[in-house]
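J.: Take this structure first; my questions come after.
The values are calculated or read from the model by the stated rules, or taken from the named source; none is laboratory data. The structure presented is a predicted model; accordingly, all values stated were derived computationally and were not measured. Backbone-built Cβ (ideal geometry, glycine too); neighbour counts: all protein chains shown.
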């Protein structure tokens with residue numbers, strides 16, 4: 001019986017027996033990163049804020065996920081963070097820091113990468129323990145002090161405020177606490193000074209391969225891996241093997 005339909009829609013054999021796929025006939029909107037709709041700009045006051053931290057206070061940390069301020073968060077990240085805005089996948093929280101009735105900083109937190117050698121060695125857990133407890137680590141994907149805000153020590157102050165509240169906020173939304181915070185710092189761009197001032201620790205470097213790598217060869221710049229325990233028994237709570 002002859003095949004049904006247009007044979008041109010089927011794959012055919014290429015050179016040396018390779019399979020040649022037919023041309024893509026339809027793109028799904030938003031499937032590729034460069035086709036996703038980007039956040040719309042939100043106009044705000046950009047008058048410079050330059051003062052000591054004591055003069056800027058009080059600083060209010062507001063979770064903005066599923067609130068009327070979430071579009072503002074997206075806009076500020078897209079416009080002023082060098083990586084732009086990227087919608088997190090899985091468990092995540094977003095915060096705006098406000099002072100003098102103006103936003104001064106943005107932070108995004110999400111689920112932790114599955115495989116991170118420097119972190120896994122620091123914790124000392126097995127693969128089964130990592131699979132069980134990875135959701136108890138929060139990854140700081142974005143941290144932005146708005147460019148017109150020039151306040152010494154503001155970044156480390158905000159990181160300290162986050163460390164004091166994020167576990168409770170996470171548990172309120174996802175019904176489990178957080179025991180460790182982690183992030184990456186690109187040493188070609190930043191020194192990570194604010195993290196170090198907030199007692200974060202450098203654990204090592206990434207492999208430069210990315211989470212979906214199939215070549216086992218570096219394909220991006222190496223990043224420093226930094227972490228901050230939120231509980232003195234974090235290793236035990238994350239299922240680490242006894243040392």
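J.: In segment 90-122, how many are within 14 Å of the chain's Cα centre (by Cα), closer than 16 Å to residue 183 by Cα and surrounded by fewer than 18 Cβ atoms within 10 Å (Cβ to Cβ)?
T.: Selection size over segment 90-122: 4.
J.: Right, another one. Looking at segment 128-149, which of its residues are within 23 Å of residue 236 (Cβ to Cβ), touching a helix residue (DSSP H, G or I) at 6+ places or on another chain (Cβ under 9 Å) and not in a strand (DSSP E or B)?
T.: 129, 130, 133, 135, 136
J.: Say we look at segment 140-182 and pick out the residues that are touching a strand residue (DSSP E or B) at 6+ places or on another chain (Cβ under 6 Å) and over 25 Å from residue 57 (Cβ atoms); which of these is surrounded by the fewest Cβ atoms within 10 Å (Cβ to Cβ)?
T.: Going through the qualifying residues, I end up with 141.
J.: I'm told residue 90 meets every condition in (1) on the phi > 0 side of the Ramachandran plot; (2) in contact with a strand residue (DSSP E or B) (Cβ under 6 Å, 6 or more places away or on another chain); (3) touching a residue at least 24 places away in the same chain (Cβ under 8 Å) except one. Can you identify the failing condition by its number?
T.: Of (1) on the phi > 0 side of the Ramachandran plot; (2) in contact with a strand residue (DSSP E or B) (Cβ under 6 Å, 6 or more places away or on another chain); (3) touching a residue at least 24 places away in the same chain (Cβ under 8 Å), only one is false for residue 90: (3).
J.: Hand me the list of strands (runs of 3 or more DSSP E) wholly inside segment 161-243 holding 1 or more residues that are in contact with a helix residue (DSSP H, G or I) (Cβ under 6 Å, 6 or more places away or on another chain) and either modelled with pLDDT under 95 or on the phi > 0 side of the Ramachandran plot (or both). Show your work before the answer.
T.: On the way: elements: 180-185, 201-205, 224-229.
Once the strands (runs of 3 or more DSSP E) in segment 161-243 are filtered for at least 1 residues that are in contact with a helix residue (DSSP H, G or I) (Cβ under 6 Å, 6 or more places away or on another chain) and either modelled with pLDDT under 95 or on the phi > 0 side of the Ramachandran plot (or both), what remains is 201-205.
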